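Asks: Provided herewith is a single structure, encoded as structure tokens, for subsequent inquiry.
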Amino acid sequence: MTEKGEELKAQIKSLVGEYYQEVFANKQFSPGVNNVPVSGKVFDHVELQYLVESSLDGWFTTGRFNDQFERELAQFIQVRKAMTVNSGSSANLVAFATLTADELGDRKLKPGDEFISVAVSFPTTINPAVSYGLKPVFVDVEIPTYNIDVTKLEEALSPRTKAIILAHTLGNPYNLAVITEFAAKHNLWLIEDCCDALGATYQDKHVGAFGDLATLSFYPAHHITMGEGGAVYTKNIRLVKIMESFRDWGRDCFCKSGKDNTCGRRFEWQLGDLPFGYDHKYIYSRLGYNLKITDMQAALGLAQLQKLPSFIESRRHNFNRLKQGLKQFEDRLILPEATPDSDPSWFGFLITIRKDAGISRNDLIDQLNMAKIDARLLFAGDIRKQPYFKNIDYRCSGEMTNTETVLLDTFWIGVTPSIDDRMIDYVIDIFGEILNRY
């Protein structure tokens, strides 16, 4: 770049900083006027500067920012490889598809196989397996961790069970000691959906580093954001080329965008029924997709990744303050608890209304909303009851008592870093005002 170009770039960067201060900074919270959010993006001038710097490169597909983001994300989680995709749902699709590859021999997943999961789920955690013809076997959850009841794993097993596909509920890790031991004992694949749990640890090890594959989402609601985006990551280097292929059209070639002939044999391959010498760049060994992100998204993610430790700390702080402030209502509310041996990276604060609370979940949520406190249900609640699940074949292992409770009586409020102590105090006060009326 010319000296003039560098000078203009510095001016643009400075102006972006000024623009942030003018448009986005110094917004004040007014109780009862501004919403207390459940989630949402948190950013400053750095994110905008990274976005603009990426755009000035004129390189709009994955490039240098994406390479750096993948490296730093893998280092943070301490896994061998992290690979970006265009959403958390796509991450789950790629993770599942990877385990259908022929290279995996007898262990590859195929239609008719079963996988263990929970019905208290986000749809796209299990949808890739269901759409491919695998049968979900649902196990009940525990309250107040809201994760799978590991005492019921053995009874869920059948000769057709080949995998476990589970999300860490709202950032709270499930019992990975029991689940990984169970998976190893029965030779099962484990996919960890960590879309709500980036930064959570179990026995001082990051979630996602226990299973065969793990996934993340970078939608604005999540711990860091690219606007849209996600990632698949693994400690198993054998799976890396497979998952990259499924993300990149299903091609056999492993060249990065803008690169050719990485293998040094571009016109010396003979695969499938293609003639010898057919361009390796256009040989497809899998039924794949194009699920890549842009470098501008990666630039945004890279700026967010620098803030991740502080984001996690804020989430834990907000969770702990809510827990302490709402303890006075434990005779009417079931408050969330961390899984033993875990340090959650909380996505939200889950609450279940006790049967004798004197107020219904819907009434409580309505009154919170009137006070400008946002609340959400636990995703699909019981996915078996969703309209799209009407004709899907599944099996339940044992009673689903707690799943039914979640469907009817559970909701969550926010712990996002955009919430400060003043907001937390307001939330606690409003809970008191509402519950004291009943």
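Asks: Being closer than 22 Å to Val42 by Cβ and of a type in the set (D, E, K, R) narrows it down to one of Asp212, Asp196, Asp273, Asp248, so name that one.
Replies: Working: Asp212 fails: closer than 22 Å to Val42 by Cβ; Asp273 fails: closer than 22 Å to Val42 by Cβ; Asp248 fails: closer than 22 Å to Val42 by Cβ.
Being closer than 22 Å to Val42 by Cβ and of a type in the set (D, E, K, R) holds for just one of Asp212, Asp196, Asp273, Asp248, which is Asp196.
Asks: Of all residues in the range 410-424, which are within 24 Å of the chain's Cα centre (by Cα) and not in a loop (DSSP other than H, G, I, E, B)? Spell out how you get there, then give the answer.
Replies: Just the residues of the range 410-424 that are within 24 Å of the chain's Cα centre (by Cα), to begin with: 410-420.
Hits for the range 410-424 are Thr410, Phe411, Trp412, Ile413, Gly414.
Asks: Something else now. For the range 318-354, name all the residues that are among the small types (Gly, Ala, Ser), closer than 18 Å to Leu368 by Cα and assigned to a strand (DSSP E or B). Spell out how you get there, then give the answer.
Replies: Of the range 318-354, the ones among the small types (Gly, Ala, Ser) are 325, 338, 342, 345, 348.
Cutting the leftovers down to closer than 18 Å to Leu368 by Cα gives us 325, 348.
Within the range 318-354, Gly348 is the sole residue that qualifies.
Asks: Scan the range 346-388 residue by residue and report those that are among the basic types (Lys, Arg), farther than 20 Å from Leu435 by Cβ and buried (at least 17 other Cβ atoms within 10 Å of the Cβ). Can you show your working first?
Replies: Within the range 346-388, the first condition is being among the basic types (Lys, Arg), and the residues that meet it are 354-355, 361, 372, 376, 384-385.
Keeping just the survivors that are farther than 20 Å from Leu435 by Cβ gives 384-385.
Passing the criteria: only Arg384.
Asks: Which one of these is out of contact with any strand residue (DSSP E or B) (no Cβ under 7 Å at 6 or more places or on another chain), without any contact (Cβ under 8 Å) to a residue 12 or more places away in the chain and not in a loop (DSSP other than H, G, I, E, B): Asn362, Asn391? Talk me through it step by step, then tell me what you get.
Replies: Values: Asn391 fails: not in a loop (DSSP other than H, G, I, E, B).
It is Asn362.
Asks: List the pairs whose first member sits in the range 406-420 and is within 30 Å of Asp356 (Cβ to Cβ), whose second member is charged (D, E, K, R) and at pLDDT 95 or above, and whose Cβ atoms are under 6 Å apart, counting only residues at least 6 apart or on separate chains?
Replies: Matching pairs, first to second residue: Leu407/Asp382; Asp409/Arg361; Phe411/Arg361; Trp412/Arg376; Val415/Arg315.
Asks: Picking from Gly432, Gly348, Gly398, which residue would you name as being small (Gly, Ala, Ser), within 25 Å of Lys27 (Cα to Cα) and touching a residue at least 24 places away in the same chain (Cβ under 8 Å)? Explain how you work it out, then say what you get.
Replies: Numbers: Gly432 fails: within 25 Å of Lys27 (Cα to Cα); Gly398 fails: within 25 Å of Lys27 (Cα to Cα).
Exactly one of Gly432, Gly348, Gly398 is small (Gly, Ala, Ser), within 25 Å of Lys27 (Cα to Cα) and touching a residue at least 24 places away in the same chain (Cβ under 8 Å), namely Gly348.
Asks: Which of the residues spanning the range 380-420 are of a type in the set (A, V, I, L, M, F, W, C) and farther than 15 Å from Phe349 by Cα? Reasoning before the result, please.
Replies: Taking the range 380-420 as the starting set, the residues that turn out to be of a type in the set (A, V, I, L, M, F, W, C) are 380, 383, 389, 392, 396, 400, 406-408, 411-413, 415, 419.
Scanning the range 380-420 gives Ala380, Ile383, Phe389, Ile392, Cys396, Met400, Leu407, Leu408.
Asks: Does the range 430-437 contain any residue that is at pLDDT below 95, among the polar types (S, T, N, Q) and over 17 Å from Thr145 (Cα atoms)? Don't jump to the end; show me each part of the working.
Replies: The initial filter retains those residues of the range 430-437 that are at pLDDT below 95, namely 436-437.
Adding the requirement that they be among the polar types (S, T, N, Q) leaves 436.
After this cut, where a residue has to be over 17 Å from Thr145 (Cα atoms) as well, the list is 436.
There is at least one residue in the range 430-437 that is at pLDDT below 95, among the polar types (S, T, N, Q) and over 17 Å from Thr145 (Cα atoms).
Asks: Between residues in the range 215-226 that are in contact (Cβ under 8 Å) with a residue 12 or more places away in the chain and residues that are of a type in the set (Ser, Thr, Tyr), which pairs lie under 6 Å by C-beta distance while being six or more apart or on different chains?
Replies: Phe218/Thr225; Ala221/Ser39
The values are calculated or read from the model by the stated rules, or taken from the named source; none is laboratory data. None of these values were measured; they are calculated from a predicted model. Cβ coordinates were reconstructed from backbone atoms using ideal geometry, including for glycine residues, and neighbour counts include every protein chain displayed.
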